[in-house]
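Novice: Take this structure first; my questions come after.
The values are calculated or read from the model by the stated rules, or taken from the named source; none is laboratory data. Note that the coordinates shown come from a computational prediction; the quantities given were computed from them, not determined experimentally. Neighbour counts are summed over all protein chains in view; Cβ atoms, including those assigned to glycine, are modelled from backbone coordinates with ideal geometry. What goes into the accessible areas is simple: the full protein's heavy atoms, side chains included, and nothing from ligands, DNA or RNA. Shrake-Rupley method; radii C 1.70, N 1.55, O 1.52, S 1.80 Å.
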Amino acid sequence: MSDLEIFSPKGYLYILADSHLDLKQTPYQEFIAMLDHLEKPEVVLFLGDLFKIWLGLPKFWGKPHKEVMQAFERLKQRRVHTVFVVGNREVLLPKPYNEEWKSKFPFTHLCHENFFLTWGERQ
């Protein structure tokens, strides 16, 4: 279980899910452009199945994986909370998400099970 509490949001909450990115049907470059142009993001919450095929560990990343991870890293560098809730296609992502893995992935939170977000007065 993981959680994030934003009691007084100053930016926007973006919720994304099931992109199934690849080279042809759902081009990853458009996804990167979207991430790079989000207006005032405070939290970007991704709900699983980011790529059509993704083994998860950095040693298996191809160009699309690396470039999408770099886009998430740019958000994280801007102090945006980057939350990734694992889908059925990401079962090989690290568990638990400790400091070693946080240095290799661009997510402030990586959750295999429950994630609780407090956004203002709502959870």
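Novice: Per 10 Å bin from zero, what fraction in whole % of the C-alpha pairs of the range 66-110 is there, up to the bin with the longest pair?
Specialist: For the range 66-110, the pair-distance distribution reads 27, 59, 13.
Novice: Okay, next question. With a cap of 12 neighbouring Cβ atoms within 10 Å, and only residues DSSP puts in a loop, list the GluC sites (Glu not before Pro) found in the range 93-123.
Specialist: For GluC sites (Glu not before Pro) across the range 93-123 that sit outside H, G, I, E and B with at most 12 neighbouring Cβ atoms in 10 Å, the list reads Glu113, Glu121.
Novice: Taking all pairs of different Cα atoms in the chain, averaging 1/r and flipping that mean, what Kirkwood radius in angstroms comes out?
Specialist: 14.7 Å
Novice: Quickly work out the Asp22-to-Arg79 label distance, labels modelled 7 Å from Cα along the C-beta direction, and quote it in nm with one decimal.
Specialist: 4.0 nm
Novice: Set Lys and Arg Cβ to +1 and Asp and Glu Cβ to -1, take the dipole of the chain about its Cα centre, and tell me which of His112, Phe31, Ser8 lies farthest positive.
Specialist: Phe31
Novice: Output the 0 to 90 degree angle, nearest 10, between the alpha-carbon long axis of helix 63-77 and the longest principal axis computed from the alpha carbons of the chain.
Specialist: 20 degrees
Novice: Assigning unit charges at the beta carbon (Lys, Arg +1; Asp, Glu -1) and nothing else, what dipole magnitude in debye, to the nearest 20, does the chain show about its Cα centre?
Specialist: 380 debye
Novice: Another one. Using a probe radius of 1.4 Å on heavy atoms only, what accessible surface per residue do you get for the range 70-123? Whole Å² is fine.
Specialist: In whole numbers, the range 70-123 has 62 Å² accessible per residue.
Novice: For Leu21, what residues show an amide H to amide H distance below 5 Å, using hydrogens built from the backbone and excluding near sequence neighbours?
Specialist: Hits under the 5 Å cutoff: Phe51, Lys52.
Novice: Add -39500 (n - 2.57) for each DSSP H run of 4 or more in the chain, then divide by its residues: what number comes out at 222 nm, to the nearest 500 deg cm²/dmol?
Specialist: Theoretical 222 nm ellipticity from helices: -6500 deg cm²/dmol.
Novice: While we're looking at this one, here's another question. Counting only heavy atoms of protein chains, what accessible area per residue, in Å², does the range 1-43 have with a probe of 1.4 Å?
Specialist: Counting only protein heavy atoms, the per-residue value for the range 1-43 is 67 Å².
Novice: Heavy atoms only, probe 1.4 Å: what % of the accessible area of the range 1-114 goes to carbon and sulfur, would you let me know?
Specialist: C and S atoms contribute 53 percent here.
Novice: Got a number for the accessible area of Lys95? Probe 1.4 Å, square angstrom, nearest 10.
Specialist: 130 Å²
Novice: Pick out which of Leu21, Leu57, Leu93 has the largest mean-square fluctuation in a Gaussian network model of the chain, springs linking Cα atoms closer than 10 Å.
Specialist: In the Gaussian network model the winner is Leu57.
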